[in-house]
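Chemist: Here you go, one structure.
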């Protein structure tokens, strides 16, 4: 279900135009509307975005600023801290 919602949000397509390998569009649209109304969809999108950025080795602006301030030299941290 979440894959269907993420696909629709990412590519900006109409719900009924989603590829057949995803969940039925009516069910996905129902959960999207429900989660959006409850305020959960923003949390889900933020968490998945943050996770994807970390896996790609990219900092969020706030994390980068905090790590720059906390380094003894004041230099920017490496792009991939792992």
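Chemist: What about residue 68, is it surrounded by 12 or more Cβ atoms within 10 Å (Cβ to Cβ) and either assigned to a helix (DSSP H, G or I) or modelled with pLDDT of 80 or more (or both)? Step through it out loud before you land on a result.
Modeler: Details: surrounded by 12 or more Cβ atoms within 10 Å (Cβ to Cβ): yes; either assigned to a helix (DSSP H, G or I) or modelled with pLDDT of 80 or more (or both): yes.
The answer is yes for residue 68.
Chemist: Could you give me the residue pairs with C-beta distances under 7 Å whose first residue belongs to the stretch 36-61 and is over 14 Å from residue 6 (Cα atoms), whose second residue is exposed (fewer than 11 other Cβ atoms within 10 Å of the Cβ) and at pLDDT below 80 wherever it lies, and which are 6+ apart or on separate chains?
Modeler: Correct list of pairs: 57/79; 57/80.
Chemist: Could you list all residues from the stretch 33-52 that are over 8 Å from the mean Cα position of the chain (by Cα) and surrounded by 12 or more Cβ atoms within 10 Å (Cβ to Cβ)? Steps first, answer last, please.
Modeler: Of the residues in the stretch 33-52, the ones over 8 Å from the mean Cα position of the chain (by Cα) are 33-43.
If the condition is that a residue be over 8 Å from the mean Cα position of the chain (by Cα) and surrounded by 12 or more Cβ atoms within 10 Å (Cβ to Cβ), then 35, 36, 40, 41 are the ones that fit.
The values are calculated or read from the model by the stated rules, or taken from the named source; none is laboratory data. Not measured: the values here are computed from a predicted model. Backbone-built Cβ (ideal geometry, glycine too); neighbour counts: all protein chains shown.
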